[in-house]
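Derivation of every value follows stated rules applied to the coordinates shown; laboratory data play no part. Being a predicted model, the structure only gives us computed values, none of them experimental. No Cβ is skipped: glycine too gets one built from the backbone with ideal geometry, and neighbour counts run over all protein chains shown.
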């Protein structure tokens, strides 16, 4: 599936309740990782690595005042879709969109108070390097949330695809199947996290279909943006 087909699949499926609800669970998870009762003064800077159509940062912007997002993606068609979605949602001034590769993020160390990455790890040429870059640009006390599909054992693959992909049709079903088979097992992701050595980060599993890495912000002070150019 090429980039234009993937844009069409995601943009059409994003309107469906099922995929929209999955995005909501990611947003809710992130909100649990950041202190919202006493937000620090001034803007907070957040990064979405592999933003796609930017549905998730748009949802987060609606819930966290003073947040400024940078959405990064390597596909121009995805960025065009994201820009249109941001304009429709009225958040285009708070969401900057950049074409870049997550393997070498164009930011200094400790730049962002929040870094998120959803369903991108299985697309990465070097997933361990992507994780290393995510934790490099996150501030030491900042929040990190990386979530991806989980690859089950070969014996359970057919059941897994039916159980978690039965609401998808057409190109989205094919994309889901290919993505699950390209994804990582819990043990493989644990090995990557151990190799990266991210302080304070831990593995999590969500409803059988997803696994990921989370790190809660240590305090409101940990959410301060560190300008790095």
inquiry  = If packing is taken as the average number of other Cβ atoms within 10 Å across a peptide's residues, how do 149-158, 53-62 rank, most packed first?
reply    = 53-62, 149-158
remark   = Taking only the alpha-carbon positions of the chain as identical scatterers, the Debye log10 I(q)/I(0) at q = 0.17, 0.18 Å⁻¹ comes out as -1.31, -1.47
request  = Quick one: angle between helix 186-196 and the longest Cα principal axis of the chain, in degrees between 0 and 90, rounded to 10, please.
outcome  = 30
message = Suppose we keep just the DSSP beta bridges with both residues in the chain; what percent of those would be antiparallel, to 5?
response = 35
request  = Sort 114, 22 so the one with the fewest other Cβ atoms within 10 Å of its own Cβ comes first.
outcome  = 22, 114
